[in-house]
1. With the structure loaded, tell me whether VAL132 is without any contact (Cβ under 8 Å) to a residue 24 or more places away in the chain, among the aliphatic types (A, V, I, L, M) and surrounded by 18 or more Cβ atoms within 10 Å (Cβ to Cβ) or whether it fails that test.
2. Please identify the pairs in which a residue from segment 54-76 that is of a type in the set (Ser, Thr, Tyr) and modelled with pLDDT of 90 or more has its Cβ atom under 8 Å from the Cβ atom of a residue that is surrounded by fewer than 17 Cβ atoms within 10 Å (Cβ to Cβ) and assigned to a helix (DSSP H, G or I), counting only partners at least 6 apart or on another chain.
3. Out of SER39, SER106, which single residue is open to solvent by 60 Å² or more (accessible area, probe 1.4 Å) and of a type in the set (Gly, Ala, Ser)?
4. Could you tell me which numbered condition GLY333 fails, if it satisfies all but one of (1) small (Gly, Ala, Ser); (2) farther than 25 Å from GLU284 by Cβ; (3) in a helix (DSSP H, G or I); (4) in contact with a helix residue (DSSP H, G or I) (Cβ under 8 Å, 6 or more places away or on another chain)?
5. What is the number of the single condition among (1) touching a helix residue (DSSP H, G or I) at 6+ places or on another chain (Cβ under 6 Å); (2) among the polar types (S, T, N, Q); (3) surrounded by fewer than 12 Cβ atoms within 10 Å (Cβ to Cβ) that THR506 does not meet?
6. Can you tell me which residue among ILE371, ILE445 is part of a helix (DSSP H, G or I) and open to solvent by 80 Å² or more (accessible area, probe 1.4 Å)?
7. Considering only segment 283-292, I want to know if a residue exists there that is surrounded by 15 or more Cβ atoms within 10 Å (Cβ to Cβ) and at pLDDT 90 or above.
Amino acid sequence: QTFTAWCNSHLRKAGTQIENIDEDFRDGLKLMLLLEVISGERLPKPERGKMRVHKINNVNKALDFIASKGVKLVSIGAEEIVDGNAKMTLGMIWTIILRFAIQDISVEETSAKEGLLLWCQRKTAPYKNVNVQNFHIPWKDGLAFNALIHRHRPELIEYDKLRKDDPVTNLNNAFEVAEKYLDIPKMLDAEDIVGTLRPDEKAIMTYVSCFYHAFSGAQKAETAANRICKVLAVNQENEQLMEDYERLASDLLAWIQRTIPWLESRDPQKTIPAMQQKLEDFREYRRVHKPPKVQEKCQLEINFNTLQTKLRLSGRPAFMPSEGRMVSDIGAGWQRLEQAEKGHEEWLLTELRRLERLDHLAEKFRQKASIHEGWTEGKEVALRDRDSGTASLAQVRALLRKHEAFESDLAAHQDRVEQIAAIAQELNELDYYDSPSVNARCQKICDQWDLLGSLTHSRREALEKTEKQLETIDELHLEYAKRAAPFNNWMESAMEDLQDMFIVHTIEEIQGLIAAHDQFKSTLPDADKEREAILGIQREAQRIADLHGIQLPGNNPYTSVTPQIINSKWERVR
């Protein structure tokens, strides 16, 4: 009954069926037709004759086809089938069922009967009171059949309402639902299954294989649909990858184009803090802004390669990005970016070193300028001082020696002034931001230095001139003293003689005194000339002093005889 139903489930596709399995296959025609339906292949053209030989030839064609599928037919011959041997016919049908309905079943590396059993176990595992270990006893209560249907079509079976103690109802429910909704003809009888101690394994396997093929066909359709959906999803994913690539490439190239001008800019700063801020901005770019772009670039290349691989595997043409957005374009742009980055870093470090050198030079300039300005403080006033006007010759000579020492000190400071000027020149050449103030200070120092040099020369000349004048005056004083002393002694002797008491006893003595007095009086004109000469020496010394603004000391250092004393004594002498 089961095998008949199974054969009819296939023969009806060709518009025919059998009534009696051991009779209807005897001529071989429907047997060949059954094999064509279940294999999907064409068999050799059958012989239409009614004779036994024609029937045997047709059956042999069928058996040869079965054998060509790798099935060994043991003890089954065409004669037995033609003669209507039911046992041989059923054996042949079972062989066909095994080969075409069960052998190709494959579940988790198991096939045929074991594969079918494993499939049943997997599908019915979640259901209570179902434990499929074989193809006989576990199927008697009908729950296993209902579980298979419910697992795949839960809307067809109300599994929770089935009772284990009502196997006939369970079996009939499964058979009816399978026939009505799954197009699986009823191949078993519920009463026969319940009434026998051990249901026929081949019948159960045959019937269950129909469930496998029915559901696997649906599963294949679902798989095909899923495959189509997957293809669509892959296509959508590919389209999304293309859009993402275009967007990422556009954004990355725009960022590169914005960043390169910034890296290529050379805007020197005036101070170290300002330049250090630019260096910090550059380090922040490397630390914060660039790493995400590196990641984007890597992701872009990964997406591009992934997309090309997917397109190649799916047989689609390779993706061609928009013009200017190729991976090579991004690579070239990135290379320009890194070159600009390297140049920017080198420029920053060079500029920083330049500013540090400038800062050092400027500090050196300030230090040297401050030291020099400290040294020159009061020097101009000292050099302009006319202290030699009241000084003695010794003091003037001391001032000259002091001035010579100053000149040596001044010459020693010449190197510092030259260094200050050289540093200022270097600051100008290195484009120091505060060059105007440096230049002004340097110019002031140089002008003051020139003035000090001029004043030093003038003071030396003045001191030397004063020294000569004082030497002249000193010589005059000395000459005055040399001539004033004997003249003073002469006048004192004359006054003593003129005031001396005289006692005469004779006219001759008086006449001798008168003659002597007359002779004395005759010397007075010469004496007066000497007096005038001595006073002229004093007047000449005073004239020289007055002419050059020299304040002479009150007394002649060489004599105490003043012109007043000479004049006074001269009057007394007269």
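1. Yes; evaluated as a whole, the condition is true for this residue.
2. Once the first residue is of a type in the set (Ser, Thr, Tyr) and modelled with pLDDT of 90 or more and sits in segment 54-76, no partner that is surrounded by fewer than 17 Cβ atoms within 10 Å (Cβ to Cβ) and assigned to a helix (DSSP H, G or I) comes close enough.
3. Matching residue, one of SER39, SER106: SER106.
4. If we test GLY333 against (1) small (Gly, Ala, Ser); (2) farther than 25 Å from GLU284 by Cβ; (3) in a helix (DSSP H, G or I); (4) in contact with a helix residue (DSSP H, G or I) (Cβ under 8 Å, 6 or more places away or on another chain), just (2) comes out false.
5. (1)
6. ILE371
7. yes
Residues checked against (1) without any contact (Cβ under 8 Å) to a residue 40 or more places away in the chain; (2) surrounded by 12 or more Cβ atoms within 10 Å (Cβ to Cβ); (3) among the small types (Gly, Ala, Ser); (4) within 25 Å of ALA369 (Cα to Cα):
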| site | (1), (2), (3), (4) |
| --- | --- |
| ARG397 | no, yes, no, no |
| SER408 | yes, no, yes, yes |
| GLN425 | yes, yes, no, yes |
| ARG441 | no, yes, no, yes |
| LEU451 | no, yes, no, yes |
| GLU467 | no, yes, no, no |
| THR472 | no, yes, no, no |
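The values are calculated or read from the model by the stated rules, or taken from the named source; none is laboratory data. Model, not experiment: these values are computed from the prediction. Please note: Cβ atoms are built from the backbone with ideal geometry, for glycine as well, and neighbour counts cover all protein chains shown. Protein only, heavy atoms only, side chains kept; ligands, DNA and RNA dropped before computing areas. Shrake-Rupley method; radii C 1.70, N 1.55, O 1.52, S 1.80 Å.
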